[in-house]
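Participant: One structure, pasted below without further comment.
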Amino acid sequence: MEGYLYKEIGEGELSLPINELAARLQSPRDFDQALIKEAEGEIRACLSCRFSAVRVPLTYPAEDTVGVGPFFTQSRDLYKNLYPCREAFLFAVTLGEGVDRMLYRLSLRSVSEHFVADAVASAFAEAAADLAEEAIKAGLPCRPRFSPGYGDMPLAFQEKLLTMTDAYRRLGIKLGRDLLLSPQKTITAIVGILS
Amino acid sequence: MKKDIRKELKSRRLYFDGGFGTMVERLSGASLSPPELLNLCDPATVRTIHEAYLAAGSRILTANTFGINRDKYENYEELISAAISLAKQAAKDCPDAYIAYDMGPTGRLLSPLGDLLFEEAVSLFSANARAAAAAGADLILIETMNDAYETKAAVVGAKEGCDLPIFVTNAYDQSGRLMSGADPLAMITLLEGLSVDAIGMNCSFGPDLMLSLLPQFCDHCSLPIIVSPNAGLPTVRGGKTVYTVDPDEFSRLMVRIAEGGATILGGCCGTTPEYIRKTVEGTKDLPYALPAKKKSTRISSYTHALTVGDRPLLIGERINPTGKPRLKEALRREDFAYITLEGLAQEEMGADILDVNVGLPGFCEESMMTRAIFELQAATDLPLQLDSADPKALASAMRLYNGKPLVNSVSGKKESLDAVLPAVKKYGGVVIALTMDEGGIPESAEGRVAIAERIVSYAKRYGLRKADFIIDPLCLSVCSDDRSAAVTIEALRLLRKKGFYTSLGVSNISFGLPARDKINAAFFTLALEAGLDAAIMNPHSLPMKDAYYAYCALRGRDSGCSRYIAYATNEAGAPQAASPTDIGAPLSLAEAVEKGLAKAADEAARKRLSEGALPLSLIEGELIPALSAVGRRFEEKTLYLPQLLKSAEAASAAFAVIKEGIPQRKGEEERGMILATVKGDIHDIGKNIVRVMLESYGFTVYDLGRDVSPEGVAEAVEKTGCRLVGLSALMTTTVPAMEKTVGLLHRMTPPVTVCVGGAVLTPSYAKEIGADGYGADAMETVRFAEAYYGKKE
């Protein structure tokens, strides 16, 4: 893949990653199925999952400094993850605004339902990121994906990733003053390509 | 002198230009830096692009200003001036070309889901508009927004910053809606209400998608229709980004779009002068006409519109403090969650629209109303009816409302019309007009109709027409005047004959009588038969809904009786989800808490109280032990957090019932705690868990919500008198705000005790910022609160 890639992920393509969910619920894997199923149903009903990706050159002007396209960031952890890859895929994937509104409504109604639904939504977001990553890599060997906020990668770099993936126009993703993404269930990432 | 573009459009088709980014790439190579900077550092390229589009046949140039606003650029005025000047220079030999100021989105999401306040957004946009007008733009083009609210802020801002014509195109996604959910009819309703000058679509993937959405515009839009598609989607060919739709394919589709009724044509991402040239060639000789003026009465929320007259509409009346002590209490405590839940409950019971009345003596209605609208809009997408006797409150609510609202109400009194109608014209709205005036309520139906006609006639001076009104002929209680039902029904009939739409506060008819629902339901049927278009009623009232759904089915206003069937099978029988309490004997209070079943706990508590159990013995003997047992199992890890929360919610439900039976002992204060997520942070699950746990142990919680400033917390302390505060923060960036809040609270007298918590905090950091306590989890916070009150006794 070169240039841009935009794709929708159908609700049917997403399956709920149980381990991911269990961790967020602070519960064991085989825990209350009925509660989870109900929350899962509510989330699935308002999913609108899509991703946008782009392939960019990488440069390393100094130790612990990475140039992603025309933008630079200082992060030892990112440097270790990417160096010496010469290119990377950047992508943004989102579950859409409908999920945010549904979670907000639940937060008014019941903290327990909100807690479970929020965990389910976050788990789905991770699943969506996995699917997006597979589609983008298309079999190319790559580094593990790395997101702003991991390790010492500055959260502020989020804005540059969104610009480069054209995330506003393609996915309607917006960034708040305190660097919170909207829709909230959105993941952005860098995936270094092994030559 | 160029003609005003609105006049020009009457006689000929105009063409926008095409994409800018693709052209920049062609001329000066690919770049990921913002195009607006070129206005200062590479003006020649900008001018060349404009000239190329003019040569291709564009006669509306969009200045290179899409991403500019005061937040992003301190020198925004300079950039805007440069951009417009470059467009004018390029057009110097084309006196019939128009220069549009291109106003794109801020890239931020508006509150409440995001952090950009509506008024902040309006201010950004009006600053742009002012600069645009000063620089000599001919019109404002608001484009590419995928959110109805931001679009409204942009239109309001543009109108407040200048007097230029305003065109608006939005970006629809593949499902035919904006990202935030609005369909074309909702946007048309909103934008026509705001009196913009042309409406349409841009960006959004490709001409084929727009062709499929075009009929919705042609069917409903009375303004010129703009269509500016992308050249399809970007993809790869030979290492370069190419768009999937080539100029020939593009222009073929644009011909169909023009034949389909579009007025102004242009191009967006991926298009170049070649696309425009071929489009002009293909469409310049096609017959041209502006869309016909449609007559319809519509309101909208941020997702959908409702057309009055399609079928009778139900307006839920429950958000109104009159006769509702619990709602009054909620308003006094600013517990807007209560208000919102009432709204959601009415939605579930079938309301099409929610009436919002929050007038309380001694309280500022304007701020109550705007807050209520704000909160309701976050949770529900039902259209709202703004209900107030205070014109200022109405105007502020209309301004903030995300859509085109119902406005309740005006009367025939000149003073009422002069106070309310200007805001309706400015922001758009459909007004409920009560048929009463300085002389009171006419006794005859004809008298009421006459007032309706006078209101509509008077409203012309404000630019409003008959279709902007719904007439309420009022119904007085039948027990004070036994002719009152007949007069109202006759008035409805006469109004319908004269082409008016009507509404009624149906339950007024039975005021003072016993078993009100019986009268209400019968009267409702009579009124519907006489032509009632909208009813203000209680959606929880089954007799009224029975009458409504049956009437609609009988009168052919319910295709295939499908709504009736859905209603009847839902109410009558199949329970939504078989709850365990339906099977076998009802659960005891302790069992309901342990199983986490809130409804069962509520029922068990009521049953025990009705059997004579003492409230305190229920709490201390059953409720608290059950909760403690659950807490122990949680600590032993035989029960997990979601279950703990459900149990806590069940206990809270029982507690709420039991508390009503406890008289407040003299001298004993309630045990309260103020909770807030600090400024800059919108994560609130942790705080909400603490709230639920505290409430389950009988604490009164004042939940200030999220993103609360230090001053906001201090104010709450003053207002409530509660001197125990819990602060939560999830993000490292907001810990300084927490420190500031702690400091401010500690400087108050008497001093406030602060407990802090949240994923980002540690006991040592809590000490560092001066907190009095640290809650690693909800239970620790509860224990801290218990200890605080224990010490005081």
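The values are calculated or read from the model by the stated rules, or taken from the named source; none is laboratory data. Treat the numbers as computed from the prediction; the structure is a model and nothing was measured. Using ideal geometry, Cβ is built from the backbone for each residue, glycine included, and neighbour counts are taken over all protein chains shown.
Participant: How many residues does segment B:378-387 hold that are more than 14 Å from chain A (Cβ to nearest Cβ) and out of contact with any Asp or Glu (no Cβ under 6 Å at 6 or more places or on another chain)?
Facilitator: Restricting attention to segment B:378-387, the residues satisfying the condition of being more than 14 Å from chain A (Cβ to nearest Cβ) are B:383-387.
Narrowing the set further to residues that are out of contact with any Asp or Glu (no Cβ under 6 Å at 6 or more places or on another chain) leaves B:383-384, B:386.
Residues in segment B:378-387 being more than 14 Å from chain A (Cβ to nearest Cβ) and out of contact with any Asp or Glu (no Cβ under 6 Å at 6 or more places or on another chain): 3 in total.
Participant: Next question. Under 7 Å between Cβ atoms, which residue pairs at least 6 apart in sequence (or on different chains) link something in segment A:82-97 that is under 24 Å from A:ALA45 (Cα atoms) and within 14 Å of chain B (Cβ to nearest Cβ) with a partner that is among the β-branched types (Val, Ile, Thr) and part of a strand (DSSP E or B)?
Facilitator: What qualifies is A:ALA92/A:THR186; A:ALA92/A:THR188; A:THR94/A:THR186.
Participant: Another question, if that's okay. If you take just the strands (runs of 3 or more DSSP E) that sit entirely in segment A:6-97, which of them hold at least 2 residues that are among the acidic types (Asp, Glu) and either crowded, with 20+ Cβ neighbours inside 10 Å or modelled with pLDDT of 90 or more (or both)? Lay out the reasoning, then the answer.
Facilitator: Details: elements: A:49-62, A:65-68, A:71-74, A:87-94.
Correct list: empty, since no element meets the threshold.
Participant: Has segment A:7-15 got at least one residue that is touching a residue at least 40 places away in the same chain (Cβ under 8 Å), within 11 Å of chain B (Cβ to nearest Cβ) and closer than 24 Å to B:ARG108 by Cα?
Facilitator: Within segment A:7-15 (the criterion being touching a residue at least 40 places away in the same chain (Cβ under 8 Å), within 11 Å of chain B (Cβ to nearest Cβ) and closer than 24 Å to B:ARG108 by Cα), the answer is yes, since at least one residue qualifies.
Participant: Would you confirm, using the coordinates I've provided, whether A:TYR104 is of a type in the set (Ser, Thr, Tyr), more than 14 Å from chain B (Cβ to nearest Cβ), free of Cβ contacts under 8 Å to residues at least 60 places away in the same chain and part of a helix (DSSP H, G or I)?
Facilitator: No: the conditions fail for A:TYR104.
Participant: Right, next: Which residue, of A:ALA135, A:ALA119, is away from chain B (no Cβ under 12 Å) and either under 30 Å from B:GLY343 (Cβ atoms) or among the aliphatic types (A, V, I, L, M) (or both)?
Facilitator: A:ALA135
Participant: Run down B:VAL713, B:VAL725, B:VAL690 and say which single residue is β-branched (Val, Ile, Thr), buried (at least 23 other Cβ atoms within 10 Å of the Cβ) and within 26 Å of A:ARG101 (Cβ to Cβ).
Facilitator: From the options B:VAL713, B:VAL725, B:VAL690, the qualifying one is B:VAL690.
Participant: Give the residue, chosen from A:PHE72, A:PHE51, that is more than 9 Å from chain B (Cβ to nearest Cβ), without any contact (Cβ under 8 Å) to a residue 24 or more places away in the chain and of a type in the set (Phe, Trp, Tyr).
Facilitator: Answer to the selection: A:PHE72.
Participant: Can you name the number of the only condition in (1) within 21 Å of B:PRO750 (Cα to Cα); (2) basic (Lys, Arg); (3) within 14 Å of chain A (Cβ to nearest Cβ) that B:LYS679 fails?
Facilitator: The failed condition is (1).
Participant: Going through segment A:174-195 one residue at a time, which ones are in contact with a strand residue (DSSP E or B) (Cβ under 7 Å, 6 or more places away or on another chain) and more than 9 Å from chain B (Cβ to nearest Cβ)?
Facilitator: A:LEU181, A:LYS185, A:THR186, A:ILE187, A:THR188, A:ALA189, A:ILE190, A:VAL191, A:GLY192, A:ILE193, A:LEU194
Residues are listed down the side, and each one gets a yes or a no for (1) surrounded by 14 or more Cβ atoms within 10 Å (Cβ to Cβ); (2) not in a loop (DSSP other than H, G, I, E, B):
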residue: B:VAL24; (1), (2): yes, yes
residue: B:ALA44; (1), (2): no, yes
residue: B:ASP71; (1), (2): yes, no
residue: B:ALA100; (1), (2): yes, yes
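Participant: Can you list residue pairs whose Cβ atoms sit under 6 Å apart, with the first residue in segment B:72-83 being of a type in the set (Asp, Glu) and the second being crowded, with 18+ Cβ neighbours inside 10 Å? Count only pairs 6 or more apart in sequence or on different chains.
Facilitator: Cβ pairs passing all conditions: B:GLU77/B:ALA131.
Participant: Ok, one more. Out of segment B:301-332, which residues are more than 23 Å from B:GLU366 (Cβ to Cβ) and in contact with a strand residue (DSSP E or B) (Cβ under 9 Å, 6 or more places away or on another chain)?
Facilitator: Once the filter is applied, which keeps residues that are more than 23 Å from B:GLU366 (Cβ to Cβ) and in contact with a strand residue (DSSP E or B) (Cβ under 9 Å, 6 or more places away or on another chain), segment B:301-332 yields B:ALA305, B:LEU306, B:THR307, B:VAL308, B:PRO312, B:LEU313, B:LEU314.
Participant: Determine which member of the set B:VAL156, B:VAL168 is over 15 Å from B:GLY104 (Cβ atoms) and either surrounded by 24 or more Cβ atoms within 10 Å (Cβ to Cβ) or more than 13 Å from chain A (Cβ to nearest Cβ) (or both).
Facilitator: Values: B:VAL168 fails: over 15 Å from B:GLY104 (Cβ atoms).
Among B:VAL156, B:VAL168, only B:VAL156 is over 15 Å from B:GLY104 (Cβ atoms) and either surrounded by 24 or more Cβ atoms within 10 Å (Cβ to Cβ) or more than 13 Å from chain A (Cβ to nearest Cβ) (or both).
Participant: A follow-up question, please. I'd like to check something: does segment B:405-427 contain any residue that is within 14 Å of another protein chain (Cβ to nearest Cβ) and either within 26 Å of B:SER541 (Cα to Cα) or in contact (Cβ under 8 Å) with a residue 40 or more places away in the chain (or both)? Outline the logic, then answer.
Facilitator: In the first step, residues of segment B:405-427 are kept if they are within 14 Å of another protein chain (Cβ to nearest Cβ); the result is none.
No: zero hits.
Participant: What number of residues within segment A:16-27 satisfy the criterion of being within 9 Å of chain B (Cβ to nearest Cβ) and in contact with a helix residue (DSSP H, G or I) (Cβ under 6 Å, 6 or more places away or on another chain)?
Facilitator: Total satisfying the criteria: 2.
Participant: Which residues, counting only those in segment B:181-202, are touching a residue at least 40 places away in the same chain (Cβ under 8 Å) and crowded, with 24+ Cβ neighbours inside 10 Å?
Facilitator: Within segment B:181-202, B:ALA182, B:ALA186, B:ILE188, B:THR189, B:LEU190, B:LEU191, B:GLY193, B:ALA198, B:GLY200, B:ASN202 qualify.
Participant: So, restricting to strands (runs of 3 or more DSSP E) that lie completely within segment B:225-289, which ones have at least 2 residues that are away from every other protein chain (no Cβ under 14 Å), modelled with pLDDT of 95 or more and within 23 Å of B:LEU9 (Cα to Cα)?
Facilitator: The qualifying strands (runs of 3 or more DSSP E) are B:225-229.
Participant: Could you list, in sequence order, all residues of segment B:322-352 that are away from chain A (no Cβ under 14 Å) and surrounded by 21 or more Cβ atoms within 10 Å (Cβ to Cβ)?
Facilitator: B:LEU327, B:LEU331, B:ALA351
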